[in-house]
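The numbers here are math on the coordinates, done by the rules we state, and not lab data. In this text the structure is predicted, and so the values were computed from the model without any measurement. Reconstructed Cβ throughout: ideal geometry from the backbone, glycine too, with neighbour counts over all protein chains shown.
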Amino acid sequence: MGSKRCTVAELVQERWGDHRPGLWFEERVLSHHQVAAGAAARAAVLADLLPPGAEPHLGVLLDNTPEYPLWLSGAALAGAAVAGINPTRRGPELARDILHTECRVLVTERAHLPLLDGLELPGVRLLVTDTKAYEELLAPYEGARPDPSKATPGSRLLLYFTSGSTGAPKAAICSQGRLAAAGWSLVEHFGVRADDVHYVCMPMFHGNAVLADWAPALAAGAGVALRRRFSASGFLGDVRAFGATYFTYVGRAVQYILATPARADDRDNPLRMGFGTEAGAVDAAAFEERFGVRLVEGYGSSEGGAAIQRTPGTPAGAIGRAAPGNDLAVVDPVSGAQCPPAVLGPDGRLLNGRDAIGELVNRAPSPFEGYWRNPEAERARQRDGWYWTGDLFFRDAEGFLYFAGRTDDRLRVDSENLAAAMIENILARYGDAAAVAVYAVPDPVAGDQVMAALALRDGAVFDPARFEAFLPAQADLGTKMAPRFVRVVARMPVTATNKIHRVGLRREGFRCTDPVWWRPPGETTYRRLGAEDVAGLEAEYRARGREELLAR
């Protein structure tokens, strides 16, 4: 495995001359050497394309194709930073992400070109990977050799977007040193070997795929197998075809895999383990029973400010205890006082959620490296010498930590963090809406679902068909933003200071006296939520041990 390299550039350079298979994608196989050579060529291209004096930033708007790790590796060699551009963003919001991170080069593919139609991106050079012009651009640089001398541990490498409570997504900074250290940490924790194959099926614009899947593979010299986009039906076939031994997941991915038809030979696969977040204890047990593969739940804030590590003896449903170097506490976000330990019933359900659930903070010095051009958000994240995660947890009497959701005006839907205010601004365009409030209700499996309360203009009646037609007409409404539940209120509830009373809306959720319309999973139309629907939902929460979250 070699000595521990301190930068990602050194890890890339170390693969030069290694002719073992290193990268699989569909029918293509590249050796580790070919990946290092391709990275060197792209680093040389960057050196010529980036204007003198400009921030060395490039945007990557790609599916999980070989070009993604090649450009990550090339940027590392060039001492540049990659901004992972989320293809579910739309219109002006997509342009804002590219311009905010000061990308002077944007790498994309033909499939994503329609997303850029009509966008004003002054000073941005566009490279389209699956074109003849791109091949011709790279050709003169193909003899370049990887040179890690431009990189230091403190060199920026990632600018990855993480949504928060203050509107537009924030670009978290990750240096080469932090990414390399994260890779080495997982190599040691999970015993990653050079003959392992890491299956990367989560999107690489997301921190999970890069920090928890690609980085440990790079550190250990393991192989990487890419899936263009996650496919539950294609998961097991890919694992077998690539000989994958390790994968990561977020959100509902595990549930989607479990929803595929079971087969007698499901356990006939090379996987050793899966690592991720929000699978839930019930689905993790079902996954191990069906596929013979252990899932390890972990927690690490996207910004690197806090981490929880699973250890032997961790109870079902718990994430684990504070990782080494972390001093984690669950506190009241207003007073800063520690919340009392959780009281758990014989079945493991939380009995004192109102008191025990609070925000997770790290009271030790954290590796958080800040947000790009956003000092206000940095101050909100680091207050009074603590790192505030923005995530809700509770802690049992033994110190084990359990994830309980997101803070008030954030939502996490299918592993994507969304800001309620942004969705509100879009829904406020609905012609019959006098006021809009967007908030999270817990998902029965993991994370959140979007719920919206609408106060209608005088004389208006909620028309579900009209609302359904309105949603896809909004160019900036991302694919995860459409409300699952719509509550129609006679008057928007407000506090004494005339702010929307979100706590009350969230606490009532879909179990309220006002009429509620919803789109059940897999359906495209809204229909009235009835008593039988509520009973069915409650049973699903109860079966998955998440009923207590409905009352928080």
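Take ASP130 and GLU378, extend 7 Å from each Cα along the Cα→Cβ direction, and tell me the distance between the two endpoints in nm.
3.9 nm
Where does the charge balance sit around ASP265 when Lys and Arg score +1, Asp and Glu -1, over other residues with C-beta under 15 Å from its C-beta?
Local net charge: +1.
Candidates [x] 75, 53, 45; [y] 69, 54, 53; [z] 80, 52, 42; which is the computed Cα extents along the principal axes in Å?
[y]
Residues with amide H under 5 Å of GLY22's amide H, sequence separation 5 or more or different chain, H placed in the peptide plane at 1.01 Å from N; which?
LEU30, SER31, HIS32
From the Cα gyration tensor of the range 308-356, with a ≥ b ≥ c the square roots of its eigenvalues, which class applies: rounded if a/c is under 1.5, or else prolate if a/b is larger than b/c, or else oblate?
Oblate, since a/c reaches 1.5 and b/c is not below a/b.
If the convex hull of the alpha-carbon atoms of the range 434-545 is projected onto planes in all directions, what is the mean projected area in square nanometres?
Across all orientations, the range 434-545 yields a mean hull projection of 8.0 nm².
Could you work out the relative contact order of the range 248-396, using alpha carbon pairs under 8 angstrom and six or more residues apart, expressed as a whole percent?
18 percent
Calculate, for VAL334 and THR88, the FRET efficiency according to 1/(1 + (r/R0)^6) with r their C-beta to C-beta distance and R0 30 Å; round to the nearest 0.05.
Between VAL334 and THR88 the formula returns 0.35.
To the nearest 20 debye, what charge dipole does the chain have about its Cα centre, counting +1 at the Cβ of each Lys and Arg and -1 at the Cβ of each Asp and Glu?
480 debye
Based solely on its DSSP helices, what 222 nm [θ] is calculated for the chain when runs of n ≥ 4 H residues each add -39,500 (n - 2.57) and the sum is averaged over all residues, nearest 500 deg cm²/dmol?
-7500 deg cm²/dmol
I need the phi-derived Karplus couplings for the range 468-484: 6.51 cos²θ - 1.76 cosθ + 1.60, θ = phi - 60°, integer Hz, Gly and Pro marked x.
4, 6, 5, 4, x, 7, 8, 5, 9, 7, x, 5, 9, 8, 5, x, 6
How high is the relative contact order of the chain, given as a whole-number percent (alpha carbon pairs under 8 Å, six or more residues apart)?
For the chain, the relative contact order is 11 percent.
Suppose the chain between HIS189 and MET492 were pulled fully straight at 0.36 nm per residue; how much longer would it get relative to their current alpha carbon spacing?
Result: 104.1 nm gained on full extension.
Taking the inverse of the average 1/r across all pairs of different Cα atoms in the range 8-175, what Kirkwood radius in Å do you get?
After inverting the pairwise mean of 1/r, the radius is 16.3 Å.
Net charge near TYR141, counting Lys/Arg +1 and Asp/Glu -1 over other residues with Cβ under 12 Å of its Cβ?
Cβ neighbours under 12 Å give a net charge of -2.
Which whole-Hz ³J(HN,Hα) couplings does the range 114-125 yield from phi under the Karplus relation 6.51 cos²θ - 1.76 cosθ + 1.60, θ = phi - 60°, glycine and proline marked x?
3J(HN,Hα) across the range 114-125, in whole Hz: x, 5, 9, 4, x, 7, 8, 10, x, x, 9, 8.
Taking the Cβ of GLY183 as the center, what net charge do the other residues with Cβ under 11 Å away carry, scoring Lys and Arg +1 and Asp and Glu -1?
With Lys, Arg at +1 and Asp, Glu at -1, the neighbours total +1.
Under 11 Å from a label point 7 Å along Cα→Cβ of TRP16: give me every residue in the range 132-162 with its amide N that close.
144-149
Relative contact order (percent) for the range 316-406, with alpha-carbon contacts under 8 angstrom and 6 or more residues of separation?
33 percent
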